[in-house]
Amino acid sequence: MLALYRALLRLYPAAYRCEYGDEMTDVLREVQSENQKKGALALLFSGMRETGGLLYGAVREHFMGITGSYDNGMFSSGRRSAMRSEFRFPKATVGLMMVILAAVMFTIEKARAISVSIPHANPAVGPIHPTQAMIVQALLATLLWALTAGAIGWGILHLLHRSGVHQLSEMNPSATPKHR
Amino acid sequence: MDVSEPVLLILLSLAEQPRHGYAILQDTEQMSEGRVRLSTGTLYGALRRLLEEDWIERFKEQDSSRGRQAYRLTAAGRRNLQMEVARLKHLTRVAALRVARKET
């Protein structure tokens, strides 16, 4: 298990490993030793927790390196009280789009049925012509495009939220200057 | 700066006395009665952030044969912790009043 932890520590940025790697390995060794005394189940849960923590930590440190932000999620104001991200994918929008698509499809089918029932007024509708088929395809493509755009937009908002950009206005200019 | 419960527990742990990483893990778990079990990755992410914010400082334990790194609160960290505790006291007082009012 310790070998796995060491391998996971290699996922961290080199500077971080250099600064905290040995210390973290010591702590992981002590945690493992303690849980070995408690039994196999404790060791298993501890292993899962530590593995998840190390993976999350590695991603967080690389993210910090890219964005320059030290917001690791534990410090964000929303996390403390809300416990849920304010930036969630708008499921209602997806639902609404599906309803609209279903309504359009239903209307097309209804129009075709009416057309068939009045043969004199309108010529019978035969197999779907390429033009009609293209309308359905265009609608599906539009829906997919809208979903993709929504997902990208949500991703950008989520990243901005995680980076703490929205907290810039709350920064106290008289705060203690950082060192190191 | 707002702090989450795990970070608050880390600060409370260091408020009592300087501790090294594993001792902080044990103390936070004990303080939260087993509810908060920090992973090592999470702990060091928080410690790094607190070091960056100058709330804590790192030093080599003199009395340890292994010369382990330990952490202690800075004056700024203690001041900020006191403010956070005062904020929580106010919140629990208001919460108690509101809940009591609802029950009557």
**Study point:** Within the range A:13-26, considering residues that are crowded, with 18+ Cβ neighbours inside 10 Å and of a type outside the set (D, E), the one farthest from the other protein chains (Cβ to nearest Cβ)
**Key:** A:Y16
Review point. For the range B:1-34, what are the residues that are outside any helix (DSSP H, G or I) and more than 9 Å from every other protein chain (Cβ to nearest Cβ)?
Key: B:Q17, B:P18, B:R19, B:S32, B:E33, B:G34
Point to revise | Elements of type helices (runs of 4 or more DSSP H) in the range A:1-105, at least 2 residues being at pLDDT 90 or above | key: A:2-9, A:14-38, A:40-67
Practice item. Identify, from the list B:R37, B:R58, the residue that is in contact with a Lys or Arg (Cβ under 9 Å, 6 or more places away or on another chain), assigned to a loop (DSSP other than H, G, I, E, B) and not hydrophobic (A, V, I, L, M, F, W, C). Key: B:R37
Review point. Just one of A:R29, A:R49, A:R10, A:R6 is away from chain B (no Cβ under 11 Å) and either farther than 21 Å from B:R49 by Cα or in contact with a Leu (Cβ under 9 Å, 6 or more places away or on another chain) (or both); which is it?
Key: A:R6
Point to revise | Residue satisfying all of: in the range B:35-73; under 13 Å from the mean Cα position of the chain (by Cα) and more than 10 Å from chain A (Cβ to nearest Cβ); farthest from A:E23 (Cα to Cα) among these | key: B:V36
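The values are calculated or read from the model by the stated rules, or taken from the named source; none is laboratory data. Note that this is a predicted model, so its numbers are computed, not measured. Virtual Cβ from ideal backbone geometry, glycine too; neighbours counted across all protein chains shown.
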